[in-house]
Structure formats: C-alpha cells, structure tokens
1. Determine, from the Cβ-Cβ distance of residue 293 and residue 123 and an R0 of 25 Å, the FRET efficiency 1/(1 + (r/R0)^6), rounded to the nearest 0.05.
2. Among 108, 38, 175, which one shows the biggest mean-square fluctuation in a GNM of the chain, springs joining Cα atoms closer than 10 Å?
3. For the chain, what size does the Cα cloud have along each of its three principal axes, sorted from largest down, in whole Å?
4. Given a Förster distance of 25 Å, report the FRET efficiency between residue 305 and residue 158 from their Cβ-Cβ distance, rounded to the nearest 0.05.
5. Out of segment 45-122, which trypsin sites (Lys or Arg not before Pro) are coil in DSSP terms and have no more than 12 other C-beta atoms within 10 Å?
6. Can you tell me the length gained on complete extension of the stretch residue 145 to residue 325, counting 0.36 nm per residue apart and subtracting the Cα distance?
7. Do the alpha carbons of any pairs in 123/284; 219/331; 174/199 sit beyond 21 Å of each other, and which pairs?
8. May I ask you to derive the relative contact order of the chain, considering only C-alpha pairs under 8 Å and at least 6 residues apart, and to give it as an integer percent?
Amino acid sequence: MKLSVIILNYNVRYFLELCLKSVVAAIADIDAEIIVVDNNSPDDSCDMIKRLFPTVNLIENKDNSGFSKGNNIGVTHAKGEYLCILNPDTVVAEDTFTKLIQFADSKDNLGIVGCQLIDGKGKFLPESKRNVPTPKVSLQKVLGNTNGYYANEVEIENTGKVDILVGAFMWLKKDVYEYVHGFDEAYFMYGEDIDLSYKVIKAGYDNFYFGDTTVVHFKGESTLRDRKYAKRFYGAMQIFYKKHFKQNAVFNAIVWLGIKLAYVMSKAPEIVETKSERSFIYTKAISQSLEEQLPQPIEITDSIQDKIEKDSMLVYDFNVLKASDVINDMKQKSTQENIVFRFLPKNSKFILGSDSATNRGEVLHF
C-alpha cells in the first residue's frame, strides 16, 4: 500500500465529515487507506463514520489520550509506505496526495514534508514553514519579531528545505516515523509537531515545505486559542527545551522567564463577528430551507465569479465544485474586503466555515 491517511478526531463531527469527503476524493486513484482515531468524542463522530464511511478504519479510544498518543496508535495500524498525519478540520485538494507522492518519490533522504496551509478566510498560515524555535528565536517572537521564527526565505508558492512543519499536515515515510519513535507522548497537545520535526532533522533527514499544493486548515476547531491553550503550549515548549538543548542555571532561568512572559502577554481570544449583507451561492440548485437562513439578497450561479462585492458570504457547493477550484478561489478572494466562506459538503444538509483562527467555526443546518 502506498499511503495511510491518519486523522485524529475529537468532537468536530461536521468538520470531520467535510475532511473525509475531501480525502476520499483525493485517494480515488491511489492505493491508500484512511484511519480515524477518535479520542472519545462526546458528539456522534463515530456513528457518522460508520454510517457514511464504512471503509474507514475507525479506532475508538475510551479516553482522550492526547494528540501524540492518538496518532501513534493510528500509525501502528497503518499499512502504507507513506503516512499523512492530517487534522480533522482540514480540506485537501483532489491532487494533493498525488503531487506529494510524485515529489516524495523523487527525493532521497526524505524527512517530513509540509504544504501550504490557509485558514477559513483563505489567508496563508505562516506556521506552515518554521525554523527551530530556539529560546532566543522564541523570545523574539513573544516580543513581536517573527523574522527568525518563520521560514520566510522560502516563498509561499515555492518548495524548499525547512526545519519545522505543522502537525495539521505532515507527510513522511512510515519507516522514518518509526525510526525516530513517532510523536513523543510527553506532549499531550502542542509542541509535538516541533519535536517530531526536530528529531527527524537531527536524525539526518531533510524536511521540506512543498508550496505546490494548498490545504484548508480551519483552526479554532481542534482547539480553542484561550488561556488554557497558552498554558499547555508554553508548557510543551518547556518540555522541548529540556529535551533538546544543553542546560545550565542561566539557560533555565532565561527559558522560564521567557515562557512566563509569553503566558502573561497572551490575550484572551477576541470574539470575531462578521456581518454579511448578501450571499453568492455556487450551485445548480439550493434548498429553500437553506436559502431562508442566508443573508439576503442571494445570487445563485454554478460557476465561480472573479469579483464579488464586499460584505458577502460565499457558499461553495461541493456537489458541483472541485475542492481544488474552491481552494484557489479562496486564496484569490482572501484579499477582498469582508468576504466570508461557507462549504456545503457533497450530499450533506449543513454548511460550515470559520472566520477566525481563535474561535469555533459555524455550522448551519438546513
């Protein structure tokens, strides 16, 4: 088998459905499997998988064992030459995996490959490509200087070697994952992607950012960016520094102060409210029950328009549109004023989207 897609899920049933439908389309011509590890979600994620995706290998954990352990469990069941560690709040293009297979097969000494990630408003996520977060670099970031933190030397649309990739999308060979012993389970959540990336480059492999495919990562779904998040994240960074950097009393004091400063300076997430004055729906037909819930007036078209008025909601119907076309359109329209995006998954009775990286997205049933 060529590929195992591993998705760790917790309580994001509707985003997971959209994600799985995009993955199914992307592996149509690949010898691949999908493994979903559910960390005891209180919603009906598992029932949905069993009903809509019977060929998915579903592993139901009896408790929430965290990101690292959950993915490690998934990998033990994987049969693929390559692994794709994928968040449930993502949408992949139809050609994402075929492009990565072609790229990965052409490389010797390959470590982890990441790709271009955008958020629910079509904006590039700079954490798609990062440098090693040394204490100095991390402190500079806390103080507002991100030049050393993000790998800005590699252009967004280009491909090049970088050190650190993000756990929302990680592509690597299963034998490399196993050689470095996978995710370190000392990390419950946050920091484990930095740790794995760093372990792989320390083992002598080359990590790459691959800018020739784009994946939507809604963020704010798998985790909320609140003070609890900040405490866990900076606690994870303490684990990382203790594990990978030579320490002495001065070093430990600087790291402790830096992490304390970062936590104190972290702010509660702002509630993002958007007000749309009209809707554009890319579809052939629309349910009346949905139409009644959308901002009026409504324009319905089955082709993507180049220019949209500001203060608009765009609804993409995946019954008639390809994910790759939707993603490209989001990137192009992300620069327009106050445009929000909603997704209607194929054969579904809800639309969803996310207008903020720090708050939960919106799911609207009809």
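The values are calculated or read from the model by the stated rules, or taken from the named source; none is laboratory data. As the structure is a computational prediction, the values presented were derived from the model and not from experiment. Here Cβ is always computed from backbone atoms with ideal geometry, including for glycine, and neighbour counts include all displayed protein chains. All accessible areas refer to the heavy atoms of the entire protein, side chains included, with ligands and DNA or RNA removed. Shrake-Rupley method; radii C 1.70, N 1.55, O 1.52, S 1.80 Å.
1. With R0 = 25 Å, the Cβ-Cβ based efficiency is 0.45.
2. Residue with maximal mean-square fluctuation among 108, 38, 175: 108.
3. 66, 46, 41
4. Efficiency computed from Cβ-Cβ geometry: 0.30.
5. Sites meeting the loop and neighbour criteria: 62, 107.
6. The span from residue 145 to residue 325 would gain 61.3 nm if fully extended.
7. Violating the 21 Å limit, Cα to Cα: 123/284.
8. Value for the chain: 18 percent.
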